[in-house]
Amino acid sequence: MQRIVFADSWSDFFAGFDLKSFEDFFENLPAKTIGVNRKRNVSSFSLGPDSRKKQFFMKRFSHPHFKDMLFSWRNIGRPCSQGRYEWENASLLLDNGIETYHPVCFGEKMTYGIEDSSFFVTEELQSQCMTDFVRENWAGFRQQQKEKIITGLAAFIRKIHDSNICLPDLYIWHIYIAENAGEYEYAVIDLHRMSRNVTNRRLKIKNLGRMHHSMLDRYFDEELKQLLVESYVADDQGSDVPKLLAQVKKYSDIISARRKKVQY
């Protein structure tokens with residue numbers, strides 16, 4: 001079985017470019033690959049004349065691991081393709097007031113209820129990847145502005161966790177940032193391992209540990225990293241900040257021992 005599900009009126013838009021079937025998107029769409037591994041790849045493409053051109057991103061999943069299919073089944077409670085799972089996760093975040101990429105469509109190819117391949121298309125985010133933002137701007141910022149950005153990021157992460165959402169891939173390169181009238185707005189991407197209905201505090205601390213790991217020393221000193229943790233629990237009376245910081249550092253060190261830090 002093959003099918004495509006569109007958001008809003010996107011079906012008519014893509015039909016205008018002869019993009020109607022699963023193969024049209026998965027096999028025949030000319031797109032620029034920007035990230036790839038054995039089971040999935042991310043690409044970008046644009047449609048329309050220059051004056052009205054729209055930019056999109058697409059994630060393709062090919063022959064996913066059984067553990068990934070089981071993971072999404074456990075979270076949603078029914079068989080679910082990887083493309084649909086990201087669609088569902090993005091919709092859940094947006095419903096909770098958490099900015100992420102806006103779903104356009106997903107497609108899936110299933111055989112006897114088992115996913116063969118799928119894809120997920122989103123609109124381009126009107127913000128900048130935080131690693132690029134930091135690399136380009138951080139040296140010119142005063143400490144007060146850096147602290148404002150970090151406290152805003154901490155509040156954004158806390159909002160995610162207060163919605164009982166867990167993001168095991170919560171790295172700084174999966175955060176997008178935009179400035180609006182002197183205030184900073186945040187978005188998160190890469191949702192294929194997102195879990196819902198998570199109340200386990202230890203798992204949420206692990207998320208913070210991954211964020212801590214991804215904050216390079218050349219940009220983020222110990223004071224800023226501590227500020228992230230302090231701001232995360234700012235509304236919790238009686239919080240043991242030193243204990244929480246030690247736990248976050250512990251998980252950060254574990255991640256750092258497993259993988260090299262991504263340079264930006």
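Exactly one residue out of S163, S195, S127 is within 24 Å of K67 (Cα to Cα), among the small types (G, A, S) and either touching a residue at least 40 places away in the same chain (Cβ under 8 Å) or assigned by TED's automatic domain parsing to the domain that holds F220 (or both), and it is S195. Scanning the stretch 38-53 for residues being in a loop (DSSP other than H, G, I, E, B), farther than 17 Å from E86 by Cα and not small (G, A, S) gives a total of 3. Is it fair to say K159 is closer than 20 Å to K206 by Cα and among the charged types (D, E, K, R)? For K159, the condition - closer than 20 Å to K206 by Cα and among the charged types (D, E, K, R) - is met. Taken over the stretch 148-166, the residue count meeting the criterion of being surrounded by fewer than 16 Cβ atoms within 10 Å (Cβ to Cβ) and in a loop (DSSP other than H, G, I, E, B) is 1. Contact annotation: residue pairs with Cβ atoms under 8 Å, 6 or more positions apart or on different chains, pairing a residue in the stretch 20-36 that is closer than 18 Å to F106 by Cβ and in a loop (DSSP other than H, G, I, E, B) with a partner that is at pLDDT 90 or above and β-branched (V, I, T), are K20/I4; S21/I4. When residues in the stretch 167-197 are screened for being part of a loop (DSSP other than H, G, I, E, B) and loosely packed, with under 15 Cβ neighbours inside 10 Å, 4 of them pass.
Taking every residue in the stretch 234-249 that is surrounded by 11 or more Cβ atoms within 10 Å (Cβ to Cβ) and pairing it with any residue that is assigned to a loop (DSSP other than H, G, I, E, B), at least 6 positions away or on another chain, the pairs with Cβ-Cβ distances below 6 Å are S239/V233.
With respect to (1) in the same structural domain as W87 (by TED's automatic domain parsing); (2) more than 30 Å from I4 (Cβ to Cβ), the lone exception for T111 is condition (2).
The residues listed here are E179, E223, E185, E230; of these, the one that is among the acidic types (D, E) and within 16 Å of the chain's Cα centre (by Cα) is E185. Going residue by residue through the stretch 132-145, is there one that turns out to be over 14 Å from the mean Cα position of the chain (by Cα), closer than 24 Å to L92 by Cα, outside any helix (DSSP H, G or I) and assigned by TED's automatic domain parsing to the domain that holds K249? No: zero hits.
Of all residues in the stretch 83-142, those satisfying the criterion of being of a type in the set (S, T, Y), surrounded by fewer than 16 Cβ atoms within 10 Å (Cβ to Cβ) and over 18 Å from S163 (Cα atoms) are T111, Y112. Only residues that are outside any loop (DSSP other than H, G, I, E, B) and free of Cβ contacts under 8 Å to residues at least 12 places away in the same chain were counted across the stretch 203-228, and they come to 2. Being surrounded by fewer than 11 Cβ atoms within 10 Å (Cβ to Cβ), at pLDDT 80 or above and out of contact with any helix residue (DSSP H, G or I) (no Cβ under 8 Å at 6 or more places or on another chain) holds for only one residue in S9, S21, S62, S43, and it is S9.
Which of the residues belonging to the stretch 249-264 are in a loop (DSSP other than H, G, I, E, B) and within 19 Å of the chain's Cα centre (by Cα)? Matches in the stretch 249-264: K261, V262, Q263, Y264.
The values are calculated or read from the model by the stated rules, or taken from the named source; none is laboratory data. It should be emphasised that the depicted structure is a prediction, and the values quoted were computed from it without experimental measurement. A quick note on method: Cβ atoms are made from the backbone with ideal geometry, for glycine too, and the neighbour counts reach across all protein chains shown.
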